[in-house]
1. Say we look at region 109-149 and pick out the residues that are assigned to a loop (DSSP other than H, G, I, E, B) and touching a strand residue (DSSP E or B) at 6+ places or on another chain (Cβ under 7 Å); which of these is modelled with the lowest pLDDT?
2. Within region 64-108, take every residue that is touching a helix residue (DSSP H, G or I) at 6+ places or on another chain (Cβ under 6 Å) and assigned to a helix (DSSP H, G or I) and give me the one that is surrounded by the most Cβ atoms within 10 Å (Cβ to Cβ).
3. Kindly provide the set of residues from region 219-242 that are closer than 19 Å to residue 204 by Cα and either not in a loop (DSSP other than H, G, I, E, B) or not assigned by TED's automatic domain parsing to the domain that holds residue 134 (or both), ordered by number.
4. Any residue that is in a loop (DSSP other than H, G, I, E, B) and in contact (Cβ under 8 Å) with a residue 40 or more places away in the chain - is there at least one of those in region 164-187?
5. How many of the residues making up region 57-79 are touching a residue at least 40 places away in the same chain (Cβ under 8 Å) and more than 15 Å from residue 29 (Cα to Cα)?
6. Count, please, the residues in region 181-190 that happen to be surrounded by fewer than 19 Cβ atoms within 10 Å (Cβ to Cβ) and at pLDDT 95 or above.
7. If I ask for residues that are under 19 Å from residue 250 (Cα atoms), more than 27 Å from the chain's Cα centre (by Cα) and in a loop (DSSP other than H, G, I, E, B), which ones from region 190-205 would you list?
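The values are calculated or read from the model by the stated rules, or taken from the named source; none is laboratory data. If you're wondering where the values come from, they're calculated on a predicted model, not measured in any experiment. Don't worry about glycine lacking a Cβ; one is built from the backbone with ideal geometry, like all the others, and counts go over all protein chains shown.
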């Protein structure tokens, strides 16, 4: 049986390896079959077939029929999806509980102590890093926003503002309630309402960056109109010397920017 490689790669999203994908699809095409038959159909070594079929049974993809020879029955794909969903949800809950429990142990204190001691030894020039993909950029930006105590400044595109509001709306609102001033310069037309907890003005600065407390800056290397999320890249620098210079430039431009109601 010849199966398209793209189709097989999609099946791996179910949490299956290559052999499991081949044997499962082979069984689906037969409904019920022996290990030997499936091995021949799927082109999987017979010596591996029994272990792989046992793994599929444990995952709920197939049913082992008692008798001699042992046969295997395919589970309906709709039912398999529900089982996979429940397994993922269970694992996610267990992982979340594991992480939450760490907060109540001495382990977290020990880790924080290690981090604090390590930070003291770091040369200021080492406080920089680069990020690839928008997901990683936003993860670090989220940490920056959470730690902000005085000010958050962003210069972004209109679509960038929409994305930030989807990702950080509650976080920015929480920061505002703590007294953090939020200023956002936006390139392009804004045809939607902006939250009251941030001040938004039309910017002519052709750049994308986020500055927190005048100490650290995360700036993107490309215009988001020219790249997709997977190709986005950013550079983070935690130095007041450089960051304050960029902030002063922004503040001067801010004075002449048109307010967005």
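1. Applying the filter and picking the extreme gives 127.
2. Residue satisfying both the conditions and the ranking: 84.
3. Across region 219-242, the qualifying residues are 219, 220.
4. no
5. Count: 1.
6. Within region 181-190, residues that are surrounded by fewer than 19 Cβ atoms within 10 Å (Cβ to Cβ) and at pLDDT 95 or above number 1.
7. Once the filter is applied, which keeps residues that are under 19 Å from residue 250 (Cα atoms), more than 27 Å from the chain's Cα centre (by Cα) and in a loop (DSSP other than H, G, I, E, B), region 190-205 yields 203, 204, 205.
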